[in-house]
């Protein structure tokens, strides 16, 4: 029962974020990456998820919930870790769309920039958080690491897929979050991570992608201004 609740929470949070973004765009014109990436409302869910995990040492209830879920989860011995491979599915699907000439917001070269940039930000942010959390006993009780890198990577790719398809194929744009939610669930089910670590990883991944789109918007806009000057 506990595992079903966890999966449902991750799934609802993932799809809810995507649908919330879609609803804010229904009556608005299509905007470029610079303006579309950092709408205040778009930062609420991922920021809250990341903050939830970071506040574990300060709020005992977060750690207590982690412990209850951990103790209720069965021994994962012999489990095939599909999440190790599945975490790459959302971001890899962008290149599949390019190969089949499916309409997306950006070009293949821009996809390379977005993918690489978000990986660097996610990896860098995760490295810093892990170094800080290693010094806090509250994060190390189960021998896991904060935040979940697999989950961060999956949600990073899911947000890319959403951004690229939200206008041309809104239904498809949600698919990445279905996969990302499953990855997060598998990390908890396999006792690789606790709930707070998974939620923090999801928030980090989404924020990293949004920051990368903002950077792409800045680069694109500066390039346009430069060319127009001549």
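The values are calculated or read from the model by the stated rules, or taken from the named source; none is laboratory data. The structure displayed is predicted, hence computed values, not measured ones. Cβ: placed from backbone, ideal geometry, glycine included. Neighbour counts: every protein chain shown.
Residues that are over 15 Å from the mean Cα position of the chain (by Cα), at least 3 per element: which helices (runs of 4 or more DSSP H) completely within segment 69-165 meet that?
Details: elements: 83-86, 89-99, 108-133, 149-165.
Because the criterion is at least 3 residues that are over 15 Å from the mean Cα position of the chain (by Cα), the helices (runs of 4 or more DSSP H) in segment 69-165 that meet it are 89-99, 108-133.
Could you list, in sequence order, the residues of segment 171-194 that are part of a loop (DSSP other than H, G, I, E, B) and in contact with a helix residue (DSSP H, G or I) (Cβ under 6 Å, 6 or more places away or on another chain)?
Across segment 171-194, the qualifying residues are 193, 194.
State yes or no: is residue 109 surrounded by fewer than 24 Cβ atoms within 10 Å (Cβ to Cβ) and closer than 26 Å to residue 67 by Cβ?
Numbers: surrounded by fewer than 24 Cβ atoms within 10 Å (Cβ to Cβ): yes; closer than 26 Å to residue 67 by Cβ: no.
In short, no.
How about segment 174-199: which of its residues are surrounded by 24 or more Cβ atoms within 10 Å (Cβ to Cβ) and either over 18 Å from residue 62 (Cβ atoms) or under 11 Å from the mean Cα position of the chain (by Cα) (or both)?
176, 177, 180, 181, 183, 184, 186, 198, 199
Starting from segment 55-72, take each residue that is at positive phi and touching a residue at least 40 places away in the same chain (Cβ under 8 Å) and list its partners that are buried (at least 17 other Cβ atoms within 10 Å of the Cβ) and in a helix (DSSP H, G or I), counting only C-beta distances under 7 angstrom and pairs at least six apart or across chains.
Matching pairs, first to second residue: none at all.
Could you identify the single residue in 201, 223 that is modelled with pLDDT of 95 or more, farther than 24 Å from residue 97 by Cα and assigned to a helix (DSSP H, G or I)?
Values: 223 fails: modelled with pLDDT of 95 or more.
On inspection, the qualifying residue turns out to be 201.
Given the structure, is residue 82 at pLDDT 95 or above and either surrounded by fewer than 19 Cβ atoms within 10 Å (Cβ to Cβ) or within 24 Å of residue 215 (Cα to Cα) (or both)?
Values: at pLDDT 95 or above: no; either surrounded by fewer than 19 Cβ atoms within 10 Å (Cβ to Cβ) or within 24 Å of residue 215 (Cα to Cα) (or both): yes.
For residue 82, the condition - at pLDDT 95 or above and either surrounded by fewer than 19 Cβ atoms within 10 Å (Cβ to Cβ) or within 24 Å of residue 215 (Cα to Cα) (or both) - is not met.
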